[in-house]
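Student: Input: one structure, supplied below.
Just so it is clear, none of the values below were taken in a lab; they were calculated from the coordinates. Just so we're clear, the structure is a prediction, and the values are computed from it rather than from any experiment. No Cβ is skipped: glycine too gets one built from the backbone with ideal geometry, and neighbour counts run over all protein chains shown.
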């Protein structure tokens with residue numbers, strides 16, 4: 001069986017300016033992968049390319065070996081769920097209605113949710129700890145609550161792979177940990193999760209594999225380093241691609257950064 | 001407000017009752033008195049085709065050829081404007097969008113006037129709607145392209161480009177009228193057409209608007225889920241399986257056809273498309289499953305009641321229908337604008 005998600009020689013440019021070049025990646029079943037890199041490095045762009053939201057200049061994205069450009073959006077949605085960065089929800093849907101939208105790829109224009117769909121919706125709301133918000137309108141929820149509703153919607157989609165763009169950026173520390181823990185448990189159950197993350201310590205603590213995106217010396221933006229947290233979070237990489245210095249420690253079998261300070265200081 | 005599914009059947013019951021009550025009272029109301037019993041007999045005869053000696057010819061003409069088409073046109077052009085407003089507000093994710101604000105109605109007017117100017121309207125009754133459709137389509141795609149980049153629609157740019165395109169369309173209509181003044185027949189047709197309204201409308205007009213609005217409505221029903229998802233933004237919609245580009249294109253075609261049809265029949269009637277969907281959204285919530293049929297009913301109710309209002313209180317003066325809808329709609333638009341400015345801190 002081929003990989004749930006992979007890309008070959010993917011490149012993207014915007015206004016003729018190359019943004020990403022020659023990206024070759026294969027994601028395996030059950031992997032929890034963090035995309036790391038400084039602001040503007042291209043993490044969101046890569047996620048959107050993998051989703052087929054942006055059109056690549058060259059190269060291709062494959063879902064179980066099938067080119068994403070040849071698939072209908074509904075078919076893609078059954079395989080890939082996405083949690084976008086912006087969570088502006090000005091319209092007065094209830095939290096439950098919003099989570100139910102995750103079942104859209106499985107339902108026809110006039111079909112209502114079946115018992116099975118309803119169970120999956122409830123289950124997703126339990127997993128993200130938002131069952132008590134069911135009837136609340138999403139435009140009255142706090143940022144963190146909205147984020148969890150969107151994650152629940154992605155779970156209700158029941159896709160083998162889930163992509164997340166900074167899913168914890170607007171959450172308090174407790175919900176940050178809970179959310180990452182939730183994604184971790186999903187990957188243990190076989191889901192593949194790929195998330196853009198700013199917090200390197202949380203990335204090292206929860207993810208099996210880190211992908212560092214940055215600009216090489218020859219000016220090409222691509223994957224600089226791909227591997228376990230130990231392999232990727234080296235002091236060289238931290239200095240060159242994040243402009244920080246830090247002590248790299250081992251903590252309970254995990255890598256952790258301490259004494260972080262900007263290089264310029 | 002009553003964003004609760006318990007109320008929804010009652011709201012639809014009220015809308016349906018209003019829709020038919022207004023239609024019946026519009027049938028009864030007119031400068032000549034015709035009794036309800038007579039009207040009933042006339043309708044029975046027309047429907048069941050059996051002879052009835054009690055029917056007076058001129059009464060039959062008034063009911064079947066004047067009042068009935070007028071009511072049908074009011075109901076369906078109002079419905080069309082409200083549906084288009086609803087779709088545009090959903091697609092642009094903005095409560096201020098509507099056919100008149102975005103310059104789509106004026107584009108349709110320009111198309112219609114070009115059809116008259118070129119003499120195409122003399123060749124076929126469908127020339128005006130066709131040209132109106134093209135004019136509306138060009139205007140909407142220009143406004144849409146200016147205001148949207150990478151799936152995000154900027155509200156200020158959207159409204160301003162709507163204003164600019166509208167101004168251009170109105171100027172072009174005036175220009176065509178000015179240069180056709182030397183040919184009085186054409187100029188008279190243009191002037192008569194630009195006055196719009198429901199006076200002197202016939203079954204020909206019903207045959208233009210009724211099929212387009214009903215087909216458009218049924219087509220839109222297929223998109224009710226996609227419209228809900230588009231409200232959340234392009235990325236959300238794409239990620240749950242909506243082919244955003246195709247959906248947008250199809251929705252634009254459907255709504256443009258409906259604006260084209262209603263403008264070519266009743267002229268530019270503003271603000272129905274803005275106000276009706278907005279009020280219904282407050283009452284029913286954002287689900288298009290309910291908003292689409294409610295807009296069909298609500299738009300018809302709004303336009304027909306504006307017409308009845310004119311007939312009842314200003315039957316002597318020839319006040320255009322658009323004046324009433326604008327008088328009620330413009331303050332509402334300003335209210336929304338101010339509310340949005342307060343909510344977002346800027347425009």
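Student: Two decimals is fine: what is log10 I(q)/I(0) at q = 0.13, 0.17, 0.21, 0.26 Å⁻¹ for the range A:113-178, from a Debye sum with one equal scatterer on every Cα and no solvent?
Tutor: The calculated log intensity ratios at q = 0.13, 0.17, 0.21, 0.26 Å⁻¹ are -0.36, -0.61, -0.91, -1.26.
Student: I want to verify a result. In a Gaussian network model of chain A, Cα cutoff 10 Å, which of these has the top mean-square fluctuation: A:27, A:82, A:110?
Tutor: Highest fluctuation of the listed residues: A:110.
Student: Please compute the length gained on full extension between residue A:2 and residue A:85, using 0.36 nm multiplied by the number of residues separating them and subtracting their Cα-Cα distance.
Tutor: That works out to 27.0 nm of additional length.
Student: So how compact is chain A: Cα radius of gyration and Dmax in angstrom?
Tutor: 18.8, 61
Student: Where both partners of a DSSP beta bridge lie in the protein assembly as shown, what percent of those bridges are antiparallel, to the nearest 5?
Tutor: 65
Student: Now a separate question. Between residue B:188 and residue A:111, take the C-beta separation as r, use R0 = 60 Å, and let me know the FRET efficiency to the nearest 0.05.
Tutor: For R0 = 60 Å, the calculated efficiency reads 0.65.
Student: Find the relative contact order for chain B and round it to a whole percent, using C-alpha pairs within less than 8 Å whose residues are 6+ positions apart.
Tutor: 30 percent.
Student: Continuing with the same structure: With the alpha-carbon atoms as the only input, what is the per residue convex hull volume for the protein assembly as shown in Å³?
Tutor: 193
Student: A follow-up question, please. Quick one: B:186, B:143, B:14, fewest Cβ neighbours within 10 Å first, how do they rank?
Tutor: With the fewest neighbours first, B:186, B:143, B:14 line up as B:14, B:186, B:143.
Student: For chain B, what does -39500 (n - 2.57) per DSSP helix run (n ≥ 4), summed and divided by total residues, give at 222 nm, in deg cm²/dmol to the nearest 500?
Tutor: After summing the helix terms and dividing by the residues of chain B, the value is -24500 deg cm²/dmol.
Student: Using alpha carbons only, how many degrees (0 to 90, rounded to 10) separate the axis of helix B:68-91 from the longest principal axis of chain B?
Tutor: 0
Student: Work out the FRET efficiency for residue B:181 and residue A:139 from their Cβ-Cβ distance, taking R0 = 60 Å, and round it to the nearest 0.05.
Tutor: My answer for the efficiency is 0.65.
Student: Would you kindly compute the Cα radius of gyration of the range B:49-185 and its largest Cα-Cα separation (Dmax), both in Å?
Tutor: Radius of gyration, then largest Cα-Cα span, for the range B:49-185: 19.7, 68 Å.
Student: Okay, next question. In which sequence would B:225, A:72, A:60 go, from the one with the fewest C-beta neighbours within 10 Å to the one with the most?
Tutor: A:72, A:60, B:225
Student: Once Rh for the range B:216-336 is found with the Kirkwood sum over Cα pairs, what is the Stokes-Einstein diffusion coefficient at 10 °C and 1.306 mPa s, in µm²/s?
Tutor: The diffusion coefficient I find is 99 µm²/s.
Student: Let me ask something additional. Run the numbers for residue B:29 and residue B:328: contour at 0.36 nm per residue of separation, minus the present Cα-Cα distance, in nm.
Tutor: Roughly 105.4 nm would be gained on extension.
Student: Going 7 Å from the Cα of residue B:45 toward and past its Cβ, which residues in the range B:196-225 have a backbone nitrogen under 20 Å from where you end up?
Tutor: Residues B:203 qualify, since their backbone N sits under 20 Å from the label point.
Student: With each pseudo-label sitting 7 Å past Cα toward Cβ, what's the residue B:203-residue B:339 distance in nm, one decimal?
Tutor: Computed distance between label sites residue B:203 and residue B:339 equals 4.4 nm.
Student: Okay, moving on. Specify the residue with the greatest mean-square fluctuation among B:30, B:111, B:300, computed from a Gaussian network of chain B linking alpha-carbon atoms under 10 Å apart.
Tutor: Comparing B:30, B:111, B:300 in the GNM, the peak value goes to B:30.
Student: Okay, next question. Please say if the range B:23-108 is rounded, prolate or oblate, where rounded means a/c under 1.5 for a ≥ b ≥ c the square roots of the C-alpha gyration tensor eigenvalues, and otherwise the choice is prolate for a/b larger than b/c and oblate otherwise?
Tutor: Judged from the Cα gyration tensor, the range B:23-108 comes out prolate (a/c at least 1.5, a/b above b/c).
Student: Give the share of C-alpha pairs in each 10 angstrom bin for the range A:1-67, from 0 to the last occupied bin, in whole percents, shortest bins first.
Tutor: The percentages, shortest bin first, are 20, 55, 23, 2.
Student: Taking a temperature of 10 °C and a viscosity of 1.306 mPa s, what whole-number D in µm²/s does Stokes-Einstein yield for the range A:156-265 with Rh from Kirkwood over alpha carbon pairs?
Tutor: 105
Student: How large is the Kirkwood hydrodynamic radius of chain B, in angstrom, based on all distinct alpha carbon pairs?
Tutor: Computed over chain B, the radius equals 20.9 Å.
Student: On to the next question. How high is the FRET efficiency between residue A:29 and residue B:221 when r is their beta carbon distance and R₀ equals 45 Å, given to the nearest 0.05?
Tutor: 0.70
Student: Put one equal scatterer on each alpha carbon of the range B:154-236, apply the Debye formula with no solvent term, and list log10 I(q)/I(0) at q = 0.19, 0.20, 0.24, 0.26 1/Å to two decimals.
Tutor: For the requested q values the scattering log ratios are -1.03, -1.03, -1.06, -1.09.
Student: Using a Gaussian network model of chain A with C-alpha springs under 10 Å, which one of A:77, A:152, A:109 is most mobile by mean-square fluctuation?
Tutor: Sorting by GNM fluctuation, first place goes to A:109.
Student: So, one more: Please list the radius of gyration and Dmax for the range A:67-218, considering alpha-carbon atoms only, with Å as the unit.
Tutor: Gyration radius and largest Cα-Cα distance of the range A:67-218: 16.0, 56 Å.
Student: Rank the residues B:20, B:271, A:242 as a footprinting-exposure proxy: fewest other Cβ atoms within 10 Å of their Cβ go first.
Tutor: The order, fewest Cβ neighbours first, is B:20, A:242, B:271.
Student: Right, next: Using Cα atoms only, what is the angle between the long axis of helix A:173-188 and the major principal axis of chain A, expressed in degrees (0 to 90) to the nearest 10?
Tutor: That works out to roughly 80 degrees.
Student: Please give the calculated 222 nm ellipticity per residue for chain A, where each DSSP H segment of at least 4 residues contributes -39500 (n - 2.57) and the sum is spread over every residue; nearest 500 deg cm²/dmol?
Tutor: It lands at -9000 deg cm²/dmol.
Student: Going 7 Å from the Cα of residue A:178 in the Cα-to-Cβ direction, what parts of the range A:127-149 have a backbone nitrogen less than 15 Å from that spot?
Tutor: From the range A:127-149, the list is A:127-134, A:142-149.
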